[in-house]
1. Which of the numbered conditions does VAL217 fail, given that it passes all the others? Conditions: (1) in the same structural domain as ALA310 (by TED's automatic domain parsing); (2) over 30 Å from ASP63 (Cα atoms); (3) in a helix (DSSP H, G or I).
2. In region 283-323, how many are part of a loop (DSSP other than H, G, I, E, B) and of a type outside the set (Lys, Arg)?
3. Considering only residues of region 6-19 that are in contact with a Gly (Cβ under 8 Å, 6 or more places away or on another chain) and closer than 16 Å to GLY60 by Cβ, which is surrounded by the fewest Cβ atoms within 10 Å (Cβ to Cβ)?
4. Looking at (1) within 18 Å of the chain's Cα centre (by Cα); (2) farther than 21 Å from ALA268 by Cα; (3) of a type in the set (A, V, I, L, M, F, W, C), can you tell me which one VAL380 breaks?
5. Quick one: would you say ILE127 is β-branched (Val, Ile, Thr), assigned to a helix (DSSP H, G or I) and free of Cβ contacts under 8 Å to residues at least 40 places away in the same chain?
6. Please verify whether region 33-41 includes one or more residues that are surrounded by fewer than 16 Cβ atoms within 10 Å (Cβ to Cβ), closer than 16 Å to GLY69 by Cα, more than 35 Å from the chain's Cα centre (by Cα) and in the same structural domain as THR68 (by TED's automatic domain parsing).
7. When you check ARG354 against the structure, is it closer than 27 Å to TRP298 by Cβ and either surrounded by 15 or more Cβ atoms within 10 Å (Cβ to Cβ) or in contact with a strand residue (DSSP E or B) (Cβ under 8 Å, 6 or more places away or on another chain) (or both), yes or no?
8. Closer than 22 Å to VAL308 by Cβ and touching a His at 6+ places or on another chain (Cβ under 9 Å): which single residue out of GLU371, GLU375, GLU358 fits that description?
Amino acid sequence: MTADMTFGERVRDLRERRNLTRTALGGLVGRGPDWVKKIERGERDLRSLVLLLRLARALGCQDLAQLTGGASVPVLDGGKVTHPGVLALRRAIVEAPLGAFSADTDAALGDISPAEYAGRVQLGWEIWHRARRQRTEISKILPSLITTGHALERTVRDDSPQRRQVAATLTATYALAQQYAAYTTEPELYWIIVDRARMWAEQADDPLTLAGAAWVVGHGLRAQGHTDEALRMARSAASGLRDLLETGDDQTRAMYGALCLHAAVTAAEDAREGEAWHEHDEAARVAKTLPRGYAHPWTVFGSGNVAVHAVTLGAQLRTPGTALRRLEDVTDPMSIPSTERRSRLYLDAAKAERARRELPSALQYLRLAHETSPEAVRFVPSGRALATDLARTITGPLAGVARSLADTVSQPSE
């Protein structure tokens, strides 16, 4: 295969290498042999990323560049398309602890202090919650945050307060990496990230940092379907903070509340309705003790996030009426200090409307979710699935709108 080959020529070359007929290849992607023929001859453009992914997997491609000849976009098992920034993140995660980057990073480290490093990580979290394309924006600095943190850790004495501070900040760094990696990386890399958050929290030896690591690990367990373990993790960590609620600061109360919301969502995924709302009620109670407008730096826990989670629970428990009634409580979505969470609010509303078979309303909410944060829809499997479902089921005047939105959702970020 040469660099000057057209897209169609690449398809034909890969098809013939795998000894596939046009009929066989078309069947694998849900199209006919004439469609494959026109693609190979350049008589038809392929503008849908969904179809491009199907074609790549059918032809055994590990990277879309094998088909397009363009930038590298690795194809993961299960139909995932990893974000381009994963390549640099993987290298930083694998090599930084071994000192492979130490020469370059230590030279650039200068006189950065643990407090200054903590400030950089806090800025990273602010970018994550503020940006519409959070994965694209955070991928520009996340590898550097990891390598800088490991380089800084090598400069501080064992068992010193500075080392524990750096360890706590590295926990926050890997928690941020976990948010980025969700749905976009292979499971092995994802679990390295989760385990690093836990490991650095243990070295920080701080109850709040350990609770934050439990929040990270719980997400991983829940994503793998281990709801019982995830619930035990969240509840155990919350129990460890309960005695500190009266004397602790706002971050302590907010982390406790975030763990309650984590437990609520986990219980809802397991159809434990009573438990889910009990945990949500506890989170709402704690939110009332926080200053007006407060949001936790990682979890954005506060009254706004509690309201978002009420809609989420209604959708997950398959009680769309409850989800939409709870949506009415969110009178000002712009007060939610995270574009990703605002997008989730609209996405959950779209799911609820779809469950009620109110397809136009579902489409409108999905459009709002995508407009709020394109990547918070594209990189969430349920978001992509809903877009595809609406494109297939909506008929009449809105059919074209639904198909256009599904194609837009599938497109890489600009």
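1. Answer for VAL217: the failing condition is (2).
2. The qualifying residues number 15.
3. Checked region 6-19; the qualifying residue surrounded by the fewest Cβ atoms within 10 Å (Cβ to Cβ) is ARG18.
4. Condition not satisfied by VAL380: (2).
5. Answer is yes for this residue.
6. There is no residue in region 33-41 that is surrounded by fewer than 16 Cβ atoms within 10 Å (Cβ to Cβ), closer than 16 Å to GLY69 by Cα, more than 35 Å from the chain's Cα centre (by Cα) and in the same structural domain as THR68 (by TED's automatic domain parsing).
7. Considered against the rule, which asks whether it is closer than 27 Å to TRP298 by Cβ and either surrounded by 15 or more Cβ atoms within 10 Å (Cβ to Cβ) or in contact with a strand residue (DSSP E or B) (Cβ under 8 Å, 6 or more places away or on another chain) (or both), ARG354 comes out as no.
8. The conditions single out GLU375.
The values are calculated or read from the model by the stated rules, or taken from the named source; none is laboratory data. Computed from a prediction, not measured in an experiment: that's the story for all the values here. Here Cβ is always computed from backbone atoms with ideal geometry, including for glycine, and neighbour counts include all displayed protein chains.
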